[in-house]
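Enquirer: Just dropping this structure here.
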Amino acid sequence: METATLQRRRANAAILATACIALAFLSTSCGAGGTVAIPASADAPAVALSPISLSFPGQAIGTSSSAQSVKLTNTGSAALAISGIVASGDFGQTNNCGTGVATGNNCTISVTFTPTATGTRTGAVTITDNASGSPHVISLSGRGTGTAPVVSLSATSLSFGNQAVSTTSAARTVTLSNTGNATLSITTIAVTGTNASDFAQTNTCGSSLTTGANCTISVTFTPSASGTRRASVSITDNASGSPQAVSLSGTGTAAAPVANRSATSLSFGNLSVGTTSAAQTLTLSNTGNATLTITSIALTGTNASDFAQTNTCGSSVAAGANCAIAVTFTPSASGTRTASLNITDNASGSPQAVSLTGTGNGPVASLSAASLSFGNQPYDATSAAQTLTLSNIGNAALTITSLAITGTNASEFAQTNTCGSSVAAGANCVIAVIFTPSGLGTRTAALSISDNASGSPQAVPLSGTGAHYVVLSWTASTTAGVVGYNAHGGSASSGPFSQLNSSPISGTTYTAADAQAGQTYYYVVTAIASDSVTESANSNVASAAVPSP
């Protein structure tokens, strides 16, 4: 294919580029080894690669070819910024491009071929930049020849993390594979490096490994001192790159106890209140490399007294040893009971906690009100009854021993009930209380319920106020159209009288509250017509003398 110089013009600059001859500049394909010019746009970088592909002749497996080069030129009018140049497949690259190429400048990418198998091998160099068409790709090809072993490792490093001094870690493994086409002869597999004695290896590799086969190298870490420890597994063989190395690292930690519990919680299920469960056993093991010193083994929490423990631990547990802690449950009340077994020691995470739960089977007494208040009540008159519901929300029968009124003014209150001697689980009964004040002022007592539920006796405070009242009564009017009456009162027989009721009284009685001891009151009554406006003249005056207390 012939090439020609094509010219484009723009303000203040002329760009000359070598490209393939193509209609309307639409094609940039030049074939293997050709030159590609990517047209420049105003104030932008442009990449030209020469050549755009590399082909390597036959190369023995596991050996590296001579380098072939590609020139990268910035044919644009702005700096080319390069964010990455990466080779793939059996190919490697080095370059002097850095992070960018100035306008009109160029750099060189050198590529080598190291086949890992026979036959055609392909790859690419990918250039990521800020020019149009990024990423730009250089296609690569080559052919692997001859016979040679090739070593492939599943990992090139092993990290063991923290390990207590003088204790041995679990093994970590690396798989060694021969991916070549000839037998791999293994001379030695050894641990080398600064802290080689802190690591050990065993392997299944033997002295050789056939094509396509693999073997396992197992490594353990036993730090002899605190701090970072490093070494390598070195594999000497007849493959390219021998000796192959697997880096090893780990950190030795100072000798310390480690407290392990066989369980972090114990559940005792349902148990009748007041009975003791069978013991559940917890094993405390010291898996560290120093003595575990025990300060205390104690029960704490909301219902700690419902649980008990005994143990064989004493004041310490040697490294590698264990002891037993036996826990029992004796619910003192019904419902869920919780606590915690706390082990305080010199191990990390102290105190170690074991949560404890159980359920007490028994009655639970619930009252619909915490107190009853009767307000003002006429002296020596009995109030309407107030009711209280007693419910058994537990899971066993509630046995009632007594239900009584107690307290300072117990005789002024009375109760009747439907409870009997017991209330079944889930059932309820009603207690009715009345108040008959025998004195003036605040009167108090308590309803006391003795039973077999937690919190017995349950007490409900009772209160009321003894007060003087004047009860008025009159004969109904015989006048047609009367729809009600108004009551009026005053402190003198001649008046004035103030209306006591807020709305017409439909009956022929009215109770005047808040009468003061030692006072005399005067009352009259009027009739109200159906228009609710017309009111009769006052009735005769009635008087009431309130006695002193």
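The values are calculated or read from the model by the stated rules, or taken from the named source; none is laboratory data. This one's a predicted model, so the numbers in the text were calculated from it and none came from an experiment. Neighbour counts are summed over all protein chains in view; Cβ atoms, including those assigned to glycine, are modelled from backbone coordinates with ideal geometry.
Enquirer: If you go through segment 166-222 one residue at a time, how many are modelled with pLDDT under 95, among the aliphatic types (A, V, I, L, M) and within 21 Å of G252 (Cα to Cα)?
Expert: 0
Enquirer: Would you be able to say whether some residue in segment 385-402 is closer than 30 Å to A467 by Cβ and outside any strand (DSSP E or B)?
Expert: Among the residues of segment 385-402, at least one is closer than 30 Å to A467 by Cβ and outside any strand (DSSP E or B), which makes the answer yes.
Enquirer: Select from segment 423-445 the residues that are within 24 Å of N361 (Cα to Cα) and exposed (fewer than 13 other Cβ atoms within 10 Å of the Cβ) and list them in ascending order.
Expert: A424, G426
Enquirer: For residues that are of a type outside the set (G, A, S) and buried (at least 20 other Cβ atoms within 10 Å of the Cβ), scanning just segment 75-92, find the one that is farthest from the chain's Cα centre (by Cα).
Expert: Here the residue is T75.
Enquirer: Would you pick out the residues in segment 106-142 that are assigned to a strand (DSSP E or B), over 20 Å from F56 (Cα atoms) and without any contact (Cβ under 8 Å) to a residue 60 or more places away in the chain?
Expert: N106, C107, T128
Enquirer: Return the pairs, sorted by first residue and then second, in which the second residue is small (G, A, S) and surrounded by 14 or more Cβ atoms within 10 Å (Cβ to Cβ), the first residue lies in segment 208-237 and is over 28 Å from T116 (Cβ atoms) and touching a residue at least 60 places away in the same chain (Cβ under 8 Å), the beta carbons are less than 8 Å apart, and the residues are 6+ apart or on different chains.
Expert: F221/S169; F221/G250; P223/A164; P223/G250; P223/G252; A225/G252; S226/G252
Residue-by-condition table, conditions (1) assigned to a loop (DSSP other than H, G, I, E, B); (2) without any contact (Cβ under 8 Å) to a residue 24 or more places away in the chain; (3) within 33 Å of the chain's Cα centre (by Cα); (4) farther than 21 Å from S265 by Cα:
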| site | (1), (2), (3), (4) |
| --- | --- |
| V327 | no, no, yes, no |
| R337 | no, no, yes, no |
| N342 | no, no, yes, no |
| S350 | yes, no, yes, no |
| T359 | no, no, yes, no |
| S366 | no, no, no, yes |
| A369 | yes, no, no, yes |
| F374 | no, no, no, yes |
| Q377 | no, no, no, yes |
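Enquirer: Is it true that some residue in segment 90-99 is in contact (Cβ under 8 Å) with a residue 24 or more places away in the chain, outside any strand (DSSP E or B) and among the small types (G, A, S)?
Expert: No; the residues of segment 90-99 include none that is in contact (Cβ under 8 Å) with a residue 24 or more places away in the chain, outside any strand (DSSP E or B) and among the small types (G, A, S).
Enquirer: Would you say G119 is loosely packed, with under 14 Cβ neighbours inside 10 Å and either assigned by TED's automatic domain parsing to the domain that holds S64 or modelled with pLDDT under 95 (or both)?
Expert: Spelling it out, G119 is indeed loosely packed, with under 14 Cβ neighbours inside 10 Å and either assigned by TED's automatic domain parsing to the domain that holds S64 or modelled with pLDDT under 95 (or both).
Enquirer: A follow-up question, please. Being hydrophobic (A, V, I, L, M, F, W, C), closer than 21 Å to N130 by Cα, assigned to a strand (DSSP E or B) and modelled with pLDDT of 95 or more is the requirement here; does L72 meet it?
Expert: yes
Enquirer: Which condition does N311 not pass, out of (1) modelled with pLDDT under 95; (2) within 34 Å of the chain's Cα centre (by Cα); (3) of a type outside the set (D, E), if it passes all the others?
Expert: (1)
Enquirer: Continuing with this model, one more query. Under 8 Å by Cβ, and 6 or more places apart or on different chains, what pairs join a residue from segment 186-204 that is on the phi > 0 side of the Ramachandran plot with one that is surrounded by fewer than 17 Cβ atoms within 10 Å (Cβ to Cβ) and of a type in the set (K, R)?
Expert: Every condition considered, the pairs that remain are G193/R230.
Enquirer: Can you tell me which residue among I21, I85, I38 is at pLDDT 95 or above and farther than 12 Å from F113 by Cβ?
Expert: So the residue among I21, I85, I38 that is at pLDDT 95 or above and farther than 12 Å from F113 by Cβ is I85.
Enquirer: Kindly provide the set of residues from segment 325-344 that are modelled with pLDDT of 95 or more and touching a Leu at 6+ places or on another chain (Cβ under 7 Å), ordered by number.
Expert: Result: I325, V327, F329, T338, A339, S340, L341, I343.
Enquirer: Here's something else I'd like to know. Looking for something modelled with pLDDT of 95 or more and charged (D, E, K, R) - is there at least one such residue anywhere in segment 135-144?
Expert: Checking segment 135-144: not a single residue is modelled with pLDDT of 95 or more and charged (D, E, K, R).
Enquirer: Filter segment 407-457 down to residues that are part of a loop (DSSP other than H, G, I, E, B), under 26 Å from V273 (Cβ atoms) and not polar (S, T, N, Q), then give me how many there are.
Expert: Qualifying residue count for the region: 9.
Enquirer: It is to be established whether one or more residues within segment 211-226 are more than 26 Å from A171 (Cα to Cα) and outside the structural domain of L158 (by TED's automatic domain parsing).
Expert: No, segment 211-226 contains no residue that is more than 26 Å from A171 (Cα to Cα) and outside the structural domain of L158 (by TED's automatic domain parsing).
Enquirer: Something else now. Find the residue count for segment 153-167, including only residues that are of a type in the set (A, V, I, L, M, F, W, C) and assigned to a loop (DSSP other than H, G, I, E, B).
Expert: Qualifying residue count for the region: 2.
Enquirer: Have a look at N417, N409 and point out the one that is assigned by TED's automatic domain parsing to the domain that holds P378 and over 30 Å from A544 (Cα atoms).
Expert: Answer to the check: N417.
Enquirer: Can you name the number of the only condition in (1) farther than 23 Å from S55 by Cβ; (2) in contact (Cβ under 8 Å) with a residue 60 or more places away in the chain that I82 fails?
Expert: Of the numbered conditions (1) farther than 23 Å from S55 by Cβ; (2) in contact (Cβ under 8 Å) with a residue 60 or more places away in the chain, the odd one out for I82 is (2).
Enquirer: So, in segment 74-96, of the ones that are β-branched (V, I, T) and out of contact with any Gly (no Cβ under 8 Å at 6 or more places or on another chain), which residue ends up farthest from T183 (Cα to Cα)?
Expert: I85
Enquirer: So T310 passes all but one of these: (1) loosely packed, with under 15 Cβ neighbours inside 10 Å; (2) within 30 Å of S421 (Cα to Cα). Which condition number does it fail?
Expert: Evaluating T310 over (1) loosely packed, with under 15 Cβ neighbours inside 10 Å; (2) within 30 Å of S421 (Cα to Cα) leaves (2) as the failure.
Enquirer: Is it true that N322 is modelled with pLDDT of 95 or more, of a type outside the set (D, E, K, R) and touching a strand residue (DSSP E or B) at 6+ places or on another chain (Cβ under 8 Å)?
Expert: Answer is yes for this residue.
Enquirer: Spot the failing condition for Q377; the list is (1) surrounded by 17 or more Cβ atoms within 10 Å (Cβ to Cβ); (2) at pLDDT 95 or above, and only one is missed.
Expert: Unmet condition: (2).
Enquirer: For segment 191-294, which fully contained strands (runs of 3 or more DSSP E) count at least 2 residues that are farther than 30 Å from A396 by Cα and touching a strand residue (DSSP E or B) at 6+ places or on another chain (Cβ under 9 Å)?
Expert: Filter on segment 191-294 gives 199-203, 214-221, 227-237, 244-253, 259-261, 280-286.
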